[in-house]
Each structure stands twice: as C-alpha cells, then as structure tokens.
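Asker: Input: one structure, supplied below.
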Amino acid sequence: MKRRTFIKTASLAGAATMITKNALSEPRSGFLSHAETGSKGPIILSTWDFGKEVPQSALKALEAGGTVVDAVEKGVMVPEADPKVTSVGYGGFPDRDGKVTLDACIMDGEGNCGSVLFLEHIIHPVSVARLVMEKTQHVILAGDGALQFALENGFKKENLLTPEAERAWKQWLKTSKYNLPKVDKDNHDTIGLLAMDAKGNMAGACTTSGMAWKIRGRVGDSPIIGAGLYVDSDVGGATSTGIGEAVIKVAGSFLVVELMRNGKSPQDACRIALERIVHKQPKYAEGKDFLAGFVALNKAGEVGAMSYRKGLQYTLHKDGVTKVYDAEYIAK
C-alpha cells in the first residue's frame, strides 16, 4: 500500500482513523508549473500535509540553536507520536499478523546516515536511527537487534497498536484481501522531510509504519538510504512517497539527487525519476490507483515536487511562510 501507505479499502472505510485533512490550509488551487526558487531563511519541505506542527517543530529546533539534523528529527517526531496518523509510528496500521513494525532513516548532507528496519515497540524510530548514525559504525539495524539497541540506549518499550488500529485490522481479517490501495491526500503513508538552514546545511529524515496488512517482515523504501531518502549538501536532497517497491527498484531519491548534480532542476529531476519507474516497470502505469512521488530541494533553495498520478500534496515552509501545495503529476 502506500506504505509507506495506509491502506484504505471499501471494507474498512468506516474503521480507519483518517489523517486529519487540511491541517494547515486548503491547498493552493492548481499545480505549480515551475519550481519555487530562492529563500531568505530556513527551508522545510515534507511530503503530504501532517499539520503545521511539523515544520514548526523543525524551525523551533533551529531557532533554539540546534542543527539541521535536530530539525528534521523533531519535525518527523510529530506524526510518529500522533495516534491519529495510521501510517507513521504510534497508531500505525499493523501487518497481517497484527504487529506494528516501524522503519525510519535520517541523513545529513555529508553522507552520515542511520536507519532502522522492522523495529517494534518504539514510538520514535527516527531517534533510534539517529543513534545508529552517531553511536555506531553501522548504517542499518533491523528487527530484534534494533530493538535491543534502542532499549540499551534508554528507549521505552511500548504497545504501539491503538484500539482504533486493532479494530481496523480485525475488520480487514474478515476478508483478508491484499489489494493495491488508492493513494491520495486522504489515504497516504510515510512522511519524508528535508531541511536546509540559513547556512546551506542540509539533512533529511523519513519514517513510517509501513504498508497496512503487509506480509510480516516487509520493508519499503522509507528506511533505505538512496531509495526513500538521499541528501548531499553539495547538491540537494530528495525524499519519496507512495508505493515503496516501485521507488526501491530505481534507487529513486538517489536518482533525483544525481539528476540535480548533472544540472536538472528539482522539478525536472523528480519527473525523470518517475518516468524511469514506469519505463522500467510499465505494470505500475497500468494500475489506476498507483501513485509514487518525490519532493526535492537543491542547494540554491529551488524546490520540486511531482507524482505519477494526481493526489500528492507537500508542505513547504519558505521565506517565513508555510503552505500546503498540490504537486504536479504525469498521468493526465
């Protein structure tokens, strides 16, 4: 599902707790026909509309003297702890066995990064990923090993399956159908967030509870460096959303950054990466509910956002103003 997506089917329409719509404002009508450029201060760019508290938390970290890594961590911690968000952290929909498993990664602009996969019982996987980056010589910890590492570093083991998510799972069990969900502004997944401070330092974070009702052990693109997230302060950063398997197959976020390195604008880079997906895997274009998308930010402060089909939104804080936008899309 959109895993990084929370699955929505007709059978559980009444059971799912939906992410609050229009948490910031109604999206600007129409679609951006060009990248927004320049900036007078920090830029915070994230997938979807998770509410104004997300960019505000990132900005508060910077204003308090924190680093851009602090900013991206604080920003994505907001939906991780929100039980109403059924695709990220606490409250996330479980796998088909009723277990909530989390994936997250974090990366700075110098190539330092950390990731956790298939982590259970920890509300803030992004913070564990940061400790992997800062306290170990590794990049990825998974499963029981990731949980052990978290507990050894002071994290508390908690039950992440909320009553609402459990009811939705039990409703799904009545049919146990595993169909590709429709992904749109009311039914989506992961949050990917990019930030650049006033000095041009960049970082990014991505976190999710994964595809609802997934096969136990499934991991999408969100915690995979180069797929769900990639940042290079010399060039820019990119993060993805949608059907994670499609993004993994083209190393999507790395591809977007490399296209920018070779002179493409963030908007063109996002478009080309999506075209690569459907060129190599045309089956995705055949699915009317297929959606994958990217948002990107280059070191000049230019922003790009594009999805394969209509429906992707993104939140941008720039020049002191926070707005939610509808992204351009390819399939008309």
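Asker: Among GLY217, VAL235, PHE254, whose Cα lies farthest out toward the positive end of the dipole of region 194-332, if unit charges sit on the beta carbon of Lys, Arg (+1) and Asp, Glu (-1)?
Answerer: GLY217
Asker: Let me ask something else about it. Give me the net charge for the shell around ILE330: Cβ to Cβ below 11 angstrom, other residues only, Lys and Arg +1, Asp and Glu -1.
Answerer: Values: positive: ARG271, ARG309, LYS310, LYS332; negative: GLU275, GLU328.
With Lys, Arg at +1 and Asp, Glu at -1, the neighbours total +2.
Asker: Taking the Cα centroid of region 265-332 and of region 196-226, what is the distance between the two, rounded to the nearest whole Å?
Answerer: Their Cα centres are 16 Å away from one another.
Asker: Another one. For the ranges 258-269, 124-135, 164-175, what's the packing order if you count other beta-carbon atoms within 10 Å of each residue, average per peptide, and put the highest first?
Answerer: 124-135, 258-269, 164-175
Asker: Moving to a separate point now. Among VAL256, VAL219, which comes first, second and so on when ranked by fewest other beta-carbon atoms within 10 Å?
Answerer: Working: VAL256 34, VAL219 21.
Exposure proxy ranking, most exposed first: VAL219, VAL256.
Asker: By how many nm would the segment from THR322 to GLU134 grow when fully extended, if each residue of separation counts as 0.36 nm and the alpha-carbon distance is taken off?
Answerer: 64.6 nm
Asker: Report, to two decimal places, the Cα Rg of region 93-250 normalised by 2.2 N^0.38 Å (N = number of residues).
Answerer: 1.06
Asker: Kirkwood hydrodynamic radius, region 206-324, all distinct C-alpha pairs: what's the number in Å? Please report the intermediate quantities before stating the final value.
Answerer: Working: mean 1/r = 0.0692 Å⁻¹.
For region 206-324, inverting the mean 1/r across all distinct Cα pairs yields 14.4 Å.
Asker: If each residue's Cβ is checked for other Cβ atoms within 10 Å, how do VAL250, VAL68, VAL321, VAL295 rank with the fewest at the top? Display every interim value, and only then the final one.
Answerer: Details: VAL250 23, VAL68 27, VAL321 7, VAL295 31.
Placing the least packed residue first, the sequence is VAL321, VAL250, VAL68, VAL295.
Asker: Still on this structure, I have one more. Need the full-extension length gain, GLN148 to GLU110, defined as separation in residues times 0.36 nm minus the C-alpha distance. One decimal, nm. Kindly include the intermediate steps, with their values, before the conclusion.
Answerer: Working: separation 38, 0.36 × 38 = 13.68 nm, distance 2.78 nm.
Net length gain for the segment: 10.9 nm.
Asker: Once you compute Rg and the Kirkwood Rh from C-alpha atoms, what is the Rg to Rh ratio for region 48-90? Don't jump to the answer; show the numbers that get you there.
Answerer: On the way: Rg = 10.5 Å, Rh = 10.4 Å.
Here Rg/Rh amounts to 1.01.
Asker: Can you pull the percent of Cα pairs in region 21-329 with separation above 26 Å?
Answerer: Working: 18306 of 47586 pairs.
The calculated P(r) of region 21-329 puts 38 percent of pairs beyond 26 Å.
Asker: With only Lys, Arg, Asp and Glu charged, each at its Cβ (+1 for the first two, -1 for the last two), find how big the charge dipole of region 21-329 is about the Cα centre; round to the nearest 20 debye.
Answerer: On the way: 36 positive and 38 negative charges, 164 e Å.
The calculated dipole for region 21-329 is roughly 780 debye.
Asker: Here is a further query. Quick one: 3J(HN,Hα) in Hz for region 165-172, Karplus 6.51/-1.76/1.60 with θ = phi - 60°, rounded, Gly and Pro as x.
Answerer: Rounded to whole hertz, the list is 5, 5, 5, 4, 5, 5, 5, 4.
Asker: Please go through the residue pairs LYS199/LYS332; LYS74/LYS157; LYS135/LYS156; LYS174/LYS280; LYS99/LYS323 and name each one whose alpha carbons sit more than 29 Å apart in this structure.
Answerer: LYS199/LYS332; LYS174/LYS280; LYS99/LYS323
No lab work stands behind these numbers, since they all come straight from the coordinates. All values reported here derive from a predicted model rather than from experimental measurement. Every residue, glycine among them, receives a Cβ derived from its backbone with ideal geometry; neighbour counts consider all protein chains shown.
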